[in-house]
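One structure below.
Derivation of every value follows stated rules applied to the coordinates shown; laboratory data play no part. All values derive from a computational prediction rather than experimental measurement. Reconstructed Cβ throughout: ideal geometry from the backbone, glycine too, with neighbour counts over all protein chains shown.
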Amino acid sequence: MKKEVKICMPYYKIAYSIAFVVILSAIQPVVYAKEIGGAVERAVSLLAVVFCADTYLVEVQSKRSEVFCLYNLKKQAGVVYKRLFVQVAYLIGISLLAYGLFYWQKPVNLTEELDGGALFGIYCIAIPGTVLFWSVLSVTVSNLVRNRWIGMGVVLLFWFFSISGKATQFLKNWGPFSYGTCDFGKLTEWRWLGGKVLCVVFAGMMLAFVPKILKKRG
Amino acid sequence: MSIRIDDLTVTFKNGVTAVDHVDLEIPHGIFGLLGENGAGKTTLMRVLTTVLAPTSGKVLLDGTLYCEANYEKIQKKIGYLPQEIDLYPSLTVRECLEYMGDLAGIEKRESKKRIDYYLEKTSLADHQKKKMRQLSGGMKRRVGLVQALLHEPDFLIVDEPTTGLDPEERIRIRNLLVDFAEERTVLFSTHVVEDLMATCNQLAVMKKGRFLYTGTMRELLNKARGHVWECCTEDESLARELERKYHISSKQYTEEGIRLRLLGENMPSESGCIACDVTLEDAYIYVTNR
């Protein structure tokens, strides 16, 4: 696992991801504490798309893929899973950092019922689903088209659609941003959970296709 | 271990035929594959590594037919060093080899033993803690060679391993290939004639997707014998005339005048031309331009 960390987490990736959340927290104003989750969720999903697109394609770019494809398919898929695990774990960490940076701006808590700690607890449940979904989607599409830039482009189109008003109206609480678009008037608001469960289910399905994609497009 | 290729053709989607109905038998030891850039050598190698499926024809590795069902079995027997490969720059040499050994399915203790052996053999033991990005081109090639050998393949395919290396590194890589070919079949593709002269007895010359020659080095040299002449002249116009009429394998400005090595079917009628010994380079030029 240590070697996978070294391979898929080069310094430039760590630098741009930290810079991204620091700049985001500095330029995006947040008035209420309940707005932080939504603001971070959208930004971190974008970061996940860019961050994970080259999970396998780094082998193609470095011209190692012709040697890599001689290995057992299970081993090849195992590499992709391990790298995804490392990157998703890191991105969840970055999301928590981003939340902290936003909270540092001292937003207002609306009611006594909505205290900062509880909102953060809900965020901690929601954000892994978001990060996992967008990371796996990015890897899957990029591997399918065998080009990280085209892969990122296609996923970004879907990202733009997902954050649009039409998608929110259409998908309601079942979209990939069900948590971010939910209005937390009360802590008993759990309708967003359906969207997050769907995110995890879709991510699982895409992960199951990794060996097939590697075989056909590796 | 022997490899047999029967009527193999590779045509790409854009209509380009990179390998055109070729037959070949690769025996044990080093077998050279010589040809200009774009001759189809890399495409042929990609078929032999199972990376690329042929359009038609068949390939047999020790009697096992190249097909989807046999790929996994075949892949275990193949070691491959592609023309260009950038091995994990953030890992050290040892880490990189351990990682690739693990991917190749080698048991940890065995992998360590083999890495130690090959690092010693390739004079990389002192550099094993260096990051891959810190290595010179020649060292990277040697690490590439070790990764291809880690799982003890019966068939080693190396694609232009000496390109861009200094003379000392080239000799080192060549000698390593000769050592490793003792127990296996090695397909050594190159466009550097000297590399084959120094390493193998059997070779194939490829041009535009076809084999112009397959056989021993000696037979290839014999083919060109009697078709190579040397001529030295001070007359520049005569030199230009000879260049126009014959294939030139070398040209030098010396104190005596312009010294040319000429290749042609018949002895030049110009005075001062003498028959001379054939080099592999002459033979290659002769065969590819006949």
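Some observations on this one:
- Area projected by the alpha carbon convex hull of the stretch B:225-288, averaged over all directions, nm²: 4.0 nm²
- Under 5 Å from the amide H of residue B:19 lie the amide H atoms of B:10, each residue being 5 or more positions distant or on a separate chain, with H modelled from the backbone and absent for Pro and chain starts.
- Of all aspartates and glutamates in the structure, the ones whose alpha carbon falls short of 20 Å from that of residue A:2, not counting any fewer than 8 places away in one chain, are A:54, A:59, B:86, B:95, B:98, B:102, B:107.
- Spatial separation of Cα centroids for the stretch B:57-106 and the stretch B:149-206, in angstrom: 17 Å
- Taking a straight line from the alpha carbon of residue A:166, these aspartates and glutamates sit under 18 Å away, with near neighbours fewer than eight places off in the same chain left out: A:183.
- Considering only beta bridges that DSSP places wholly inside the protein assembly as shown, some 60 percent are antiparallel.
- Mean Cα-pair separation over length for the stretch B:3-216, i.e. relative contact order, pairs under 8 Å, 6 or more apart, %: 32 percent
- Restraint check, B:208/B:251; B:58/B:208; A:13/A:63; A:215/B:41, Cα-Cα greater than 22 Å: B:208/B:251; A:215/B:41
- The calculated FRET efficiency for residue B:134 paired with residue A:26, based on their beta-carbon distance and R0 = 41 Å, is about 0.65.
- Dividing the summed helix terms, -39500 (n - 2.57) for each DSSP H run of n ≥ 4, by the number of residues in chain A produces a 222 nm estimate of -23500 deg cm²/dmol to the nearest 500.
- In a simple Cβ point-charge model (Lys, Arg +1; Asp, Glu -1; nothing else charged), the stretch B:225-288 has a dipole of about 240 debye relative to its Cα centre.
- Whole-number percent relative contact order across the stretch B:225-288, with pairs defined as alpha carbons under 8 Å at least 6 apart: 45 percent
- Backbone phi angles across the stretch A:94-104, fed through the Karplus curve with coefficients 6.51, -1.76 and 1.60 (θ = phi - 60°), yield HN-Hα couplings of 5, 5, 5, 4, 4, 4, x, 5, 5, 5, 5 Hz in residue order; Gly and Pro are listed as x.
- Cα-centred dipole magnitude for the stretch B:50-165, charges only on beta-carbon of K, R (+1) and D, E (-1), debye, nearest 20: 380 debye
- Distance between the 7 Å Cα→Cβ label points at residue A:18 and residue B:58: 6.0 nm.
- Among A:79, A:56, A:10 - extreme Cα towards positive end, dipole of the stretch A:1-99, charges at beta-carbon: A:79
- Mean sequence separation of contacting Cα pairs (under 8 Å, at least six apart), scaled by the length of chain A, corresponds to a relative contact order of 29 percent.
- Compactness of the protein assembly as shown as Cα Rg over 2.2 N^0.38 Å, two decimals: 1.29
- Along the stretch B:242-247 the Karplus relation, 6.51 cos²θ - 1.76 cosθ + 1.60 evaluated at θ = phi - 60°, assigns HN-Hα couplings of 5, 4, 6, 7, 10, 7 Hz to successive residues, with x for each Gly and Pro.
- Least to most buried among A:68, A:158, A:133 (fewest other Cβ within 10 Å first): A:158, A:68, A:133
- Per-residue HN-Hα couplings for the stretch B:54-70 [Karplus 6.51, -1.76, 1.60; θ = phi - 60°; Hz; x = Gly/Pro]: x, 6, 8, x, 9, 10, 10, 10, 6, x, 8, 6, 6, 7, 3, 5, 9
- The Cα center of the stretch A:98-174 and the Cα center of the stretch B:17-40 differ in position by 53 Å.
- If only the Cβ of Lys and Arg carry +1 and only the Cβ of Asp and Glu carry -1, the dipole of the protein assembly as shown around its Cα centre is close to 2100 debye.
- Legend: ranking of residues B:88, B:80 from fewest to most surrounding C-beta atoms inside 10 Å; resulting order B:88, B:80.
- Around the amide H of residue B:160, modelled in the peptide plane, lie the amide H atoms of B:189, B:190, all under 5 Å away and 5 or more residues distant in sequence or on another chain.
- Sorted by Cβ density within 10 Å, fewest first, the residues A:102, A:20: A:20, A:102
- Calculated FRET value between residue A:74 and residue B:250, using beta carbons and R₀ = 41 Å, to 0.05: 0.15
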